[in-house]
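The values are calculated or read from the model by the stated rules, or taken from the named source; none is laboratory data. None of these values were measured; they are calculated from a predicted model. Positions of Cβ are backbone-derived with ideal geometry, glycine not excepted, and every protein chain shown enters the neighbour counts.
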Amino acid sequence: MENSEIISDLKSLVNIVNDGKEGYDTASKHIKDIALKAVFLKYSAQRAGYEMELKEHIAQHGGDSDNHSGGILGALHRTWIEIKQTLSTNENLAILGAIKTGEEEALDKYDQIISDPLTHADHISLLKTQRGGIADALREIESLYRQFELR
């Protein structure tokens with residue numbers, strides 16, 4: 001695969017992690033529960049770290065990425081979080097549900113790119129580690145969702 005295709009794949013992951021970063025940040029601003037706010041801020045910071053790691057690999061392949069806020073789909077998803085929060089009688093469940101959807105989409109994108117390990121050989125370990133972090137976050141979000149569902 002040419003560097004331009006590798007760079008394109010990595011930029012798509014930058015969009016995904018920035019969508020997550022912004023989504024968690026938006027959620028943290030709309031949530032009243034302090035424990036949830038802390039979880040959301042933790043994962044927002046995690047995604048900021050992922051962004052920097054991916055941008056380092058983009059630079060190693062001769063590219064650059066000036067994306068700091070995600071893509072249009074992420075912006076739409078964040079707007080959906082705000083709408084659901086406004087309309088929901090249980091804002092915690094609404095926000096956790098929206099985050100769950102975003103995390104599942106991020107995992108799908110990572111899986112697509114990881115499925116070609118030869119192309120991304122020099123950074124496959126990084127991608128697998130980041131994917132693992134997103135999977136861990138999803139498990140925590142699902143657990144929190146179940147807890148709030150029972151309330």
*Just one of A59, A27 is touching a Leu at 6+ places or on another chain (Cβ under 9 Å) and farther than 18 Å from K128 by Cβ; which is it?*
A27
*Residues of the stretch 36-46 classified as touching an Asp or Glu at 6+ places or on another chain (Cβ under 9 Å) and either crowded, with 16+ Cβ neighbours inside 10 Å or more than 23 Å from A94 (Cβ to Cβ) (or both), total*: 4
*Name the pairs: first residue in the stretch 5-19 and closer than 13 Å to G62 by Cβ, second residue of a type outside the set (A, V, I, L, M, F, W, C) and assigned to a helix (DSSP H, G or I), Cβ to Cβ under 7 Å, at least 6 apart or on different chains?*
L10/H57
*For the stretch 1-58, enumerate the residues that are farther than 26 Å from S115 by Cα, over 13 Å from the mean Cα position of the chain (by Cα) and charged (D, E, K, R).*
K29, K32, D33, K37
*Tell me the helices (runs of 4 or more DSSP H) entirely within the stretch 40-149 that contain at least 3 residues that are at pLDDT below 95 and closer than 20 Å to K11 by Cβ.*
72-87, 91-114
*Out of curiosity, is G49 over 18 Å from L93 (Cβ atoms) and free of Cβ contacts under 8 Å to residues at least 40 places away in the same chain?*
yes
_Qualifying positions in the stretch 25-46 - touching a residue at least 12 places away in the same chain (Cβ under 8 Å), among the charged types (D, E, K, R) and touching a Ser or Thr at 6+ places or on another chain (Cβ under 9 Å)_ = D25
